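Shown next, in structure tokens, is the structure this report addresses.
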Amino acid sequence: MSNAFCSALWAADYLLRLASFGCAGVNLHGGGAGVIRGSLGDHLPGEQLTPDAAAIAAEGSFYTPIAGSREKGFSARPIFYGMKLAGTLAGGKMRPVTFDQAPTNASAWAAEMSDGQTRLVLINKDPRQKLQITPATSRDAKVWRLQAPSLTATTGVTLANAQFTPAKPWQPSEDQLPAKDGQLQLELNPTSATALFFRGSI
């Protein structure tokens, strides 16, 4: 399901896990199907996994974040949204997070940015379980939500209430989350993710 929303959650989680190990950068597969097929001896990874392989391959490789052609135009696949979410912590110093949501398939990543502010990314890969999260802080936060209709959705993906389209610049619209009584009250839907931007260090 490389072109479905599940890839966005996987990509964000994987990239931030690597960042927590000290990795400075990650290269994901990209480019057109013809180029990748030629470089791999007439083999296109993912081609045998789905009945609509030909249509997917016509737009680009199965794992490319940006798909399309000069003739038909280009579009951002869901995995691109996951990369963008992970990028909210780029340039920051990763810091440990205490986050026990077992048995829910969820994770949390945090970084201290160069301006001294903390950013936190929460990822809920569980298809059924909604999470109630209460970070202990007196600081308000801005919120970007990464969501889609379902794990298998290939369209309808949004980050910060906006989509990436070739027709106009991406214009994020963040939500505001005020602190109350020394904590934040955050609800994280199944199969979704959130970036929190705190006004200062927590």
Does the range 132-151 contain any residue that is under 26 Å from Ile66 (Cα atoms), buried (at least 19 other Cβ atoms within 10 Å of the Cβ), of a type in the set (Ser, Thr, Tyr) and under 19 Å from the mean Cα position of the chain (by Cα)?
no
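Results for (1) surrounded by fewer than 16 Cβ atoms within 10 Å (Cβ to Cβ); (2) among the polar types (S, T, N, Q); (3) in contact with a Phe, Trp or Tyr (Cβ under 8 Å, 6 or more places away or on another chain), shown as yes or no for each residue.
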| residue | (1), (2), (3) |
| --- | --- |
| Arg77 | no, no, no |
| Phe80 | no, no, yes |
| Met83 | no, no, no |
| Leu89 | no, no, yes |
| Gly92 | no, no, no |
| Asp100 | yes, no, no |
| Trp109 | no, no, no |
| Leu120 | no, no, yes |
| Asp126 | no, no, no |
Please work out which one of (1) of a type in the set (Lys, Arg); (2) touching a Phe, Trp or Tyr at 6+ places or on another chain (Cβ under 9 Å); (3) within 23 Å of Asn3 (Cβ to Cβ) is the condition Arg145 fails and give its number.
(2)
Taking the conditions exactly as written (modelled with pLDDT of 85 or more, closer than 26 Å to Asn161 by Cβ and outside the structural domain of Ala160 (by TED's automatic domain parsing)), does Pro127 satisfy them or not?
no
Based on what the data block shows, is Asn3 buried (at least 16 other Cβ atoms within 10 Å of the Cβ) and part of a loop (DSSP other than H, G, I, E, B)?
yes
Can you tell me which residue among Gly34, Gly68 is at positive phi, free of Cβ contacts under 8 Å to residues at least 60 places away in the same chain and either over 18 Å from the mean Cα position of the chain (by Cα) or not assigned by TED's automatic domain parsing to the domain that holds Pro190 (or both)?
Gly68
For the range 32-80, name all the residues that are in a helix (DSSP H, G or I) and either hydroxyl-bearing (Ser, Thr, Tyr) or closer than 21 Å to Thr165 by Cβ (or both).
Ser39, Ala55, Ile56, Ala58, Glu59, Pro78, Ile79, Phe80
Do any strands (runs of 3 or more DSSP E) lying entirely in the range 85-202 carry at least 1 residues that are over 15 Å from Asp13 (Cα atoms) and without any contact (Cβ under 8 Å) to a residue 40 or more places away in the chain, and which ones are they?
93-95, 175-177
So which residues in the range 11-49 are buried (at least 16 other Cβ atoms within 10 Å of the Cβ) and more than 19 Å from Leu120 (Cβ to Cβ), if there are any at all?
Gly30, Gly32, Ala33, Ile36, Arg37, Leu44, Gly46
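The values are calculated or read from the model by the stated rules, or taken from the named source; none is laboratory data. Here the structure is a predicted model, which is why all the values come from computation and not from measurement. Because the Cβ atoms are built from the backbone with ideal geometry, glycine has one as well, and the counts that use them run over all protein chains shown.
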